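What follows is a set of notes on a single structure, which appears directly below.
The values are calculated or read from the model by the stated rules, or taken from the named source; none is laboratory data. This is a predicted model, so every value here is computed, not measured. Every residue, glycine as well, gets a Cβ built from its backbone with ideal geometry; the counts of neighbours run over all protein chains shown.
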2 protein chains.
Amino acid sequence: MTTSALTKVSEQLCFGGKQIRFSHHSAVLNCQMQFSVFLPPQAEAAKVPALYWLSGLTCTDENFSSKAGAQRVAAELGLALIMPDTSPRGEGVPDDANGAYDFGLGAGFYVNATEPPFAEHYQMYDYIAAELPALLEAELPISDKRAISGHSMGGHGALVIGLRNAERYRSISAFSPICNPINCAWGIKALTGFLGEDKAHWQQYDASVLLAAKGSALPILVDQGLADNFYPAQLQTEALVNAANSAGVAAEIRLHEGYDHSYYFIASFIEQHLRFHAQHLVLTNG
Amino acid sequence: MTTSALTKVSEQLCFGGKQIRFSHHSAVLNCQMQFSVFLPPQAEAAKVPALYWLSGLTCTDENFSSKAGAQRVAAELGLALIMPDTSPRGEGVPDDANGAYDFGLGAGFYVNATEPPFAEHYQMYDYIAAELPALLEAELPISDKRAISGHSMGGHGALVIGLRNAERYRSISAFSPICNPINCAWGIKALTGFLGEDKAHWQQYDASVLLAAKGSALPILVDQGLADNFYPAQLQTEALVNAANSAGVAAEIRLHEGYDHSYYFIASFIEQHLRFHAQHLVLTNG
């Protein structure tokens, strides 16, 4: 794999740590990308474990960094936060034919596309699971102790990438994830566009299918608000619950009265997610 | 004073409290306005004290609510957060002739304008100090125990309104305030535009002038980052320090190595500001 040099776009002090935005050329995505990293104060002295956060539809690397309030707890726990963009970017990257918010730019769905014209750039699965960690671990004080989390489309990405790469992560969590994309409108549109009509190819990107089929070697925490406009139709949380039950997996899937799909929900519970991941990243050896 | 009915635009659960956006007709500003309120869980049972937060140039009521992470601590302490807009709004409201970011819409500077065409709407001082609290205390579970804070232009507004209305507030704080607007480019432009050329009229809106002349009956906390692009030229923090010293006021004015003008700075220290205000709002009687 070719790693590209990182160009620092900005750096800001936050809770005694560094909130940094980088630009780099992604060989996997075949375009220039930006991502954000929070390095806690502990990274001055030694490599720190990292939580990869995958954002939802329409987001960039900046939504989580500015709205979740995660840096406070990450600085306490000594966790790096890695915040990638949600799709390939740039003039040469094809978008939805109608510029829809739910497919194409800002909506890569964390899959490796096989359909033209998307396959040339939309390889977000490999970017998140392989290229980005290799780059970061080579160039920044970040260890190979990794956890993965995300929101909505990014919750789907976190579950799928974590379940399929258990050897590369210690724990998985998600807020309001798209749990069963082969059975919801967002997922069907995206999987058809990126992978084509053959639904057999879709199943590798469906967290409920994966969990039911193979269980999980990793601990899982999921939070879902019951006042979420996209629940249950797009999110299908019950499919994930059923998959966990059928596989005998003790996933913690919590439903919260009154909370919606927004960052106010994420902010309210992100501390619990960071402490969950820290148990597996910081407090365990190996 | 005429109070107008409040129209709820949105309500979202956050840390067990309610993040609400209201619309109302402001008689003082002569236009329709939006503002945001965070009601902590304690407001279900009794009236709660309130921190008024004044935002900076280009902001609306949403910057602080989405980026500062203040709701977590406000929910713990039982403080309401009141987040007004930064200027009158709407089609009939005049803006800077060139649409500049630092005067007019999004840049009302918390003064009562006397110059045409601005005087008809730009009465932000009276809106913040009188109309909005009266409205909120009549219609929401918010008590008349008030504190005031803000950022940049809003830090200027908080200091000026707090110093001139000590009987109405318990404590004042600010992040990166414009401390001496009669002597910086932002202030000179705004005060000329809203108040005219006679600088004698400007002094009532200059925190350093006010503090030097009359001291402060209220406790003051100010945080300023030393990597702030606008420090010292626009912010003139030293003028406030000198004013406090000459008046014999024990204002706490802290300079922080490495922090900039952004919400990452505010997020890093907002908890300390909320606990400072809570000491005077919650823990004291009367």
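Quick one: in the range B:1-59, of everything that is small (Gly, Ala, Ser) and within 14 Å of another protein chain (Cβ to nearest Cβ), which residue is farthest from B:ALA147 (Cα to Cα)? Before the answer, list the steps.
Kept after step one, since they are small (Gly, Ala, Ser), are these residues of the range B:1-59: B:4-5, B:10, B:16-17, B:23, B:26-27, B:36, B:43, B:45-46, B:50, B:55-56.
Still in the list and also within 14 Å of another protein chain (Cβ to nearest Cβ): B:10, B:16-17, B:36.
Numbers: B:SER10: 25, B:GLY16: 22, B:GLY17: 19, B:SER36: 16 Å.
Checking each candidate, the answer is B:SER10.
If I ask for residues that are closer than 21 Å to B:ALA239 by Cα, in contact with a strand residue (DSSP E or B) (Cβ under 6 Å, 6 or more places away or on another chain) and of a type outside the set (Gly, Ala, Ser), which ones from the range B:166-208 would you list?
Listed by number, the residues that qualify are B:ILE172, B:PHE175.
All but one of (1) more than 14 Å from every other protein chain (Cβ to nearest Cβ); (2) part of a helix (DSSP H, G or I); (3) buried (at least 22 other Cβ atoms within 10 Å of the Cβ) hold for A:VAL222; state the number of the condition that does not hold.
Every listed condition holds for A:VAL222 apart from (2).
Residue by residue through the range A:13-29, note down the ones that are surrounded by fewer than 17 Cβ atoms within 10 Å (Cβ to Cβ) and either part of a loop (DSSP other than H, G, I, E, B) or among the charged types (D, E, K, R) (or both).
As a first pass, look at the range A:13-29 and keep what is surrounded by fewer than 17 Cβ atoms within 10 Å (Cβ to Cβ): A:16, A:23, A:25, A:27.
Answer for the range A:13-29, where residues must be surrounded by fewer than 17 Cβ atoms within 10 Å (Cβ to Cβ) and either part of a loop (DSSP other than H, G, I, E, B) or among the charged types (D, E, K, R) (or both): A:GLY16, A:ALA27.
Scan the range B:241-266 for residues that are away from every other protein chain (no Cβ under 14 Å) and not in a strand (DSSP E or B) and jot them down.
Within the range B:241-266, B:VAL241, B:ASN242, B:ALA243, B:ALA244, B:ASN245, B:SER246, B:ALA247, B:GLY248, B:VAL249, B:ALA250, B:ALA251 meet the criteria.
Residue by residue through the range A:225-240, note down the ones that are among the hydrophobic types (A, V, I, L, M, F, W, C), more than 14 Å from chain B (Cβ to nearest Cβ) and either free of Cβ contacts under 8 Å to residues at least 60 places away in the same chain or outside any helix (DSSP H, G or I) (or both). Lay out the reasoning, then the answer.
Taking the range A:225-240 and keeping what is among the hydrophobic types (A, V, I, L, M, F, W, C), we get A:226-227, A:230, A:233, A:235, A:239-240.
The next check asks that each one be more than 14 Å from chain B (Cβ to nearest Cβ); those that pass are A:230, A:233, A:235, A:239-240.
Of everything in the range A:225-240, those that are among the hydrophobic types (A, V, I, L, M, F, W, C), more than 14 Å from chain B (Cβ to nearest Cβ) and either free of Cβ contacts under 8 Å to residues at least 60 places away in the same chain or outside any helix (DSSP H, G or I) (or both) turn out to be A:PHE230, A:ALA233, A:LEU235.
Which condition does B:LYS199 not pass, out of (1) surrounded by fewer than 18 Cβ atoms within 10 Å (Cβ to Cβ); (2) away from chain A (no Cβ under 14 Å); (3) of a type outside the set (A, V, I, L, M); (4) under 26 Å from B:THR60 (Cα atoms), if it passes all the others?
Going through (1) surrounded by fewer than 18 Cβ atoms within 10 Å (Cβ to Cβ); (2) away from chain A (no Cβ under 14 Å); (3) of a type outside the set (A, V, I, L, M); (4) under 26 Å from B:THR60 (Cα atoms) one by one, B:LYS199 breaks only (4).
Please work out if B:ALA147 is over 18 Å from the mean Cα position of the chain (by Cα) and farther than 18 Å from B:SER26 by Cα.
Working: over 18 Å from the mean Cα position of the chain (by Cα): no; farther than 18 Å from B:SER26 by Cα: yes.
Spelling it out, it is not the case that B:ALA147 is over 18 Å from the mean Cα position of the chain (by Cα) and farther than 18 Å from B:SER26 by Cα.
Between B:ALA251, B:ALA185, B:ALA200, which is over 25 Å from B:GLY108 (Cα atoms) and modelled with pLDDT of 95 or more? Steps first, please.
Values: B:ALA185 fails: over 25 Å from B:GLY108 (Cα atoms); B:ALA200 fails: over 25 Å from B:GLY108 (Cα atoms).
Every option except B:ALA251 fails the conditions.
Inspect all residues belonging to the range B:43-53 and state whether any of them is among the acidic types (Asp, Glu) and within 23 Å of B:ALA130 (Cβ to Cβ). Step through it out loud before you land on a result.
Initial filter on the range B:43-53 (among the acidic types (Asp, Glu)): B:44.
Imposing the further condition that a residue be within 23 Å of B:ALA130 (Cβ to Cβ) reduces the set to none.
Within the range B:43-53, none of the residues are among the acidic types (Asp, Glu) and within 23 Å of B:ALA130 (Cβ to Cβ).
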